Amino acid sequence: MDIFGSALCDRQAGHIGRMLTIRRDDDHVDRHDPALYFMPDPFAHEAALLEMVEGPVLDVGCGAGRTLLWLQQQGVEAAGIDLSPGAVEVARARGCQNVTLGDVMDAGLPLLRARFKTIVVFGNNIGIGGTQEGAKALLRHLAQATEPGGTLLVTGLDIANTDQPHHLAYHQRNLNAGRPRGEISMRFEYEGSVGDWIPWFHPEPHEMEHMATASGWAVDKISPAGGPFFAAVLRKTG
């Protein structure tokens with residue numbers, strides 16, 4: 001069930017006012033307008049990173065093509081990948097020239113045998129691996145697809161940067177179980193449809209540094225990026 005893709009397809013078709021819900025397994029919900037994925041300009045916490053891109057670029061979890069379209073408009077060669085058929089359909093319909101439907105966690109994916117100068121992982125998509133070990137595997141896959149000396153640009157949510165009791169309780173539950181704070185289970189809900197629970201991982205900045213160095217990357221910089229976000233600049237070693 002492609003709930004995320006359905007929300008994007010509806011927004012592309014002109015339906016407004018329909019909210020997409022992301023529900024965590026403790027019942028915390030984030031409800032937002034799918035128009036968020038159609039914004040014409042980079043978000044503030046992404047802008048400085050995008051000044052560093054060199055093509056060809058791979059956008060991991062490209063969604064409706066928000067970053068891909070911006071890169072194309074700057075004359076940068078860029079490709080995207082997403083697991084959502086609806087997202088890929090929308091990105092192509094909006095003019096994205098090179099979008100692959102596929103799972104970046106599949107090390108045998110032909111796209112990952114290409115060689116990119118820059119890989120972009122925005123929108124908390126470093127969490128695609130689901131767990132800390134899965135995130136390391138994702139980083140290894142992306143290293144295989146990157147030229148020596150190439151760059152990986154990441155933005156993520158620094159989940160420890162909160163004083164909200166329900167978030168702190170969730171983090172403590174994870175720590176008590178021997179898991180990182182940022183390992184969660186979540187599902188999409190939209191217009192009466194409810195998706196399956198999926199694992200997701202929000203690494204803290206120090207965890208990002210550890211995973212990177214264990215997965216074929218050197219850390220140039222990991223720093224706060226405004227609000228609750230952090231930004232990371234990694235370089236392919238070898």
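No value in this document is a laboratory result; all are computed from the given coordinates. These numbers come from a predicted model, not from an experiment. Please note: Cβ atoms are built from the backbone with ideal geometry, for glycine as well, and neighbour counts cover all protein chains shown.
At a 10 angstrom cut-off on C-beta neighbours, averaged per residue, how do the peptides 110-122, 25-37, 82-94 rank from highest to lowest?
Working: 110-122: 19.3, 25-37: 13.2, 82-94: 20.8.
Order by mean packing, descending: 82-94, 110-122, 25-37.
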Quiz item: If each of Thr131 and Lys221 carries a label point 7 Å out from its Cα toward its Cβ, how far apart are those two points in nm?
Solution: 3.4 nm
Exercise. Calculate the length of the line joining the C-alpha centroid of the range 1-30 to that of the range 141-155, in whole Å.
Key: 30 Å
Quiz item: Taking the alpha-carbon centroid of each part, what is the distance from the range 39-94 to the range 124-140 in angstrom?
Solution: 20 Å
Exercise. Between Ala47 and Asn174, with labels modelled 7 Å along Cα→Cβ, what's the label distance in nm to one decimal, could you check?
Key: 3.0 nm
Quiz item: Mind ordering 169-181, 62-74, 96-108, 202-214 by average Cβ neighbours within 10 Å, highest first?
Solution: 62-74, 202-214, 96-108, 169-181
Exercise. Report the FRET efficiency, 1/(1 + (r/R0)^6), for Asp196 and Glu147, where r is their Cβ-Cβ distance and R0 is 45 Å, rounded to 0.05.
Key: 0.80
Quiz item: Roughly what would the spin-label model give for Asp26 and Glu209, points 7 Å off Cα along C-beta, in nm?
Solution: 2.6 nm
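Of all DSSP beta bridges located in the range 1-100, what percent are antiparallel, nearest 5?
Working: 4 of 10 bridges.
In the range 1-100, DSSP labels about 40 percent of beta bridges as antiparallel.
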Quiz item: For the chain, what is the percent of antiparallel DSSP beta bridges, rounded to the nearest 5?
Solution: 65 percent
Practice problem: With runs of 4+ DSSP H residues as the only contributors, calculate the mean residue ellipticity of the chain at 222 nm using -39,500 (n - 2.57) per run, divided by the residue total and rounded to the nearest 500. | Solution: -8500 deg cm²/dmol
